[in-house]
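The structure appears below as structure tokens.
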């Protein structure tokens with residue numbers, strides 16, 4: 001059975017007219033106009049998402065600054081969790097809330113990860129989100145070290161843990177898509193290392209996100225081969241133009257691909273489902289219209 005995830009919060013907030021700029025990114029609406037955050041969640045629920053992810057991705061010092069995080073990080077994490085829970089409360093079908101635990105020192109920068117500094121940041125996010133979430137989602141992780149830090153920070157929390165890794169799509173995309181080169185995490189680690197880490201940390205699901213759609217199938221196939229039936233697999237790709245990946249993540253507003261309209265994105269999603277993914281949604285640039293198309297096409301027809 002396919003479960004449908006939501007899409008990219010940041011671009012949806014921008015499209016709705018919410019406060020939105022760097023460096024705060026999607027956290028700015030959480031700070032200045034939280035009604036937009038709830039409305040974005042509700043749009044994804046109406047579109048058919050079975051899981052919505054809290055808008056806590058940018059609630060880190062990298063985006064909101066050290067001083068603001070120290071003063072208001074817990075409050076903002078609590079607000080992100082509460083808004084997601086409120087948005088799903090009136091749904092006519094069950095919708096779960098995933099608590100986003102993001103890369104703490106910048107997306108796509110596993111080289112900057114510091115486990116010692118990570119612990120108190122994760123503790124703040126987890127304490128704020130904990131009253132509201134059904135599961136934990138470590139997302140856009142660039143290395144297995146980031147995943148291990150999340151598991152340590154969660155301690156004995158018994159809720160399901162999903163780990164989602166971002167893949168290196170800076171080069172060799174055609175070769176990876178054709179199966180001539182392996183998919184790798186942005187740290188350089190291979191997919192089998194992600195599988196082994198997810199299993200060792202008792203994760204329920206292993207996902208791949210915020211990378212080009214073309215390379216996701218290769219990662220799912222390798223993960224399924226290595227994991228067997230031990231892990232549920234998932235994908236939520238981004239819609240960024242490939243050249244974006246040559247610059248720093250979140251350095252500016254990036255162009256979106258013209259070929260990943262809802263039907264174009266669905267074509268890739270069908271491949272991911274056939275390869276073994278049962279959790280499918282979208283990341284940056286994938287909106288409610290995409291999620292609606294996925295829900296219409298995949299939920300009932302792919303079992």
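Data table
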item: Stretchable slack from residue 22 to residue 135, in nm (0.36 nm times residue separation minus alpha-carbon distance); result: 37.8 nm
item: The range 3-298, relative contact order [Cα under 8 Å, separation at least 6], %; result: 20
item: Highest-first arrangement of 65-74, 225-234, 1-10, where packing means the average Cβ count within 10 Å; result: 1-10, 225-234, 65-74
item: Gyration tensor over alpha-carbon atoms, the range 1-81, equivalent ellipsoid semi-axes in Å; result: 23, 13, 10
item: Compactness of the range 78-159 as Cα Rg over 2.2 N^0.38 Å, two decimals; result: 1.16
item: Pairwise FRET efficiency - residue 119 versus residue 199, Cβ, R0 = 30 Å, nearest 0.05; result: 0.85
item: Share antiparallel - DSSP beta bridges, the chain, percent rounded to 5; result: 10
item: Radius of gyration and maximum dimension Dmax of the chain, Cα, Å; result: 17.3, 49
item: Per-pair calculated FRET efficiency, R0 = 25 Å: residue 255 and residue 175 via Cβ, rounded to 0.05; result: 0.60
item: Using a Förster distance of 30 Å, the FRET efficiency for residue 46-residue 152 (Cβ separation, nearest 0.05); result: 0.20
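Throughout, read-outs are computed from the coordinates displayed, never taken from laboratory work. Bear in mind that the values here come from a model prediction, so they are computed numbers and not experimental data. Here Cβ is always computed from backbone atoms with ideal geometry, including for glycine, and neighbour counts include all displayed protein chains.
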